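The values are calculated or read from the model by the stated rules, or taken from the named source; none is laboratory data. Because the structure is a prediction, the values reported are computed rather than measured. In this analysis, Cβ positions are derived from the backbone assuming ideal geometry, glycine residues included, and neighbour counts consider all displayed protein chains. These accessible areas exclude ligands, DNA and RNA; they are computed on the full protein's heavy atoms, side chains included. Shrake-Rupley method; radii C 1.70, N 1.55, O 1.52, S 1.80 Å.
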Amino acid sequence: MSAPESYGGGGGRRRFRPTFWATVFTIPALIILLGLGTWQVQRLYWKEGEIVKRHERSQPPGIALPAGFPDPGALEFTRVNLKGRFLHDQEFYLGARTESGRVGLNVVTPFELNDGRTILVNRGWVPEDKRDPATRAEGQLEGEIEIAALLRSDGWKGFDFAKPPNKPEERFYFWLDLPVMAGDVDRPIIEDMYVDAVASEIPGGLPIGGQTRIQLKNDHLEYAITWYSFAVILVVIYFLFHYRREDEPSSEA
């Protein structure tokens, strides 16, 4: 007759004996960890699609500015070529923005197109001490010019609870509100979209264009692996805690 199965050199046979309170706390924690991992996987696919979209729309040669914008989202990041002149005396400021670790602001200027329309152009970044146009006079391009830019939609892109209030009376905005800004330009402007100027050589070096991020940071795979790993560790700990010898007393109160 075979001897009873035993582990660890003595004692009774081990059995999986889950306890009530440990299970009550473990199951919700496991659901949360799996949910966080799955959310990061979804974010991974979204971010990959966003990167592809930005590259596909921004890299081809620029097109003429469309006559209308029935679906701004379908045109966002599309490269366009614009001809006209800047209305420097009516520029706005978009803050706080960084460039190579330096904090400053973006200069947003109405651009009167040759076809009679006017659109706002985010010309790029300047340090805070260059907010006054007189300190960067070389970069205030005059006369008719041609610029390349990417179409963008306005509005706050973050969580509503974190949305900072703009300061229209100072022509200072944390996020672009085109209908409000239109009231401070002396001619009608396009209120459906604005454009970000691409990087180019500017006399004096300011503003620094190319502020649209095309290559986005994508760490969601690492985050997903981390959350799923925590879930696996939790399951292992739960199993080992309850895999007891039959003669061991339960630790549950």
List pairs: first residue in the stretch 138-164 and over 18 Å from THR78 (Cα atoms) and modelled with pLDDT of 95 or more, second residue of a type in the set (S, T, N, Q) and in a loop (DSSP other than H, G, I, E, B) anywhere in the structure, Cβ distance under 8 angstrom, at least six positions apart or on different chains. GLU144/ASN114
Tell me, which strands (runs of 3 or more DSSP E) wholly within the stretch 77-132 include 2 or more residues that are of a type in the set (Ser, Thr, Tyr)? 92-99
Subset of the stretch 105-129 [within 19 Å of the chain's Cα centre (by Cα), over 15 Å from ASP177 (Cα atoms) and not aliphatic (A, V, I, L, M)]: GLY124, TRP125
Can you name the condition, by its number, that VAL41 falls short on among (1) under 23 Å from ALA182 (Cβ atoms); (2) crowded, with 16+ Cβ neighbours inside 10 Å? (1)
Evaluate the following for ARG187: is it over 14 Å from ASN106 (Cβ atoms) and of a type in the set (Lys, Arg)? yes
Report the residue count in the stretch 193-226 for those that are farther than 17 Å from ARG97 by Cα and either of a type in the set (S, T, N, Q) or open to solvent by 80 Å² or more (accessible area, probe 1.4 Å) (or both). 10
Hey, does the stretch 158-180 have a residue that's more than 30 Å from the chain's Cα centre (by Cα), more than 30 Å from LYS47 (Cα to Cα) and in a loop (DSSP other than H, G, I, E, B)? no
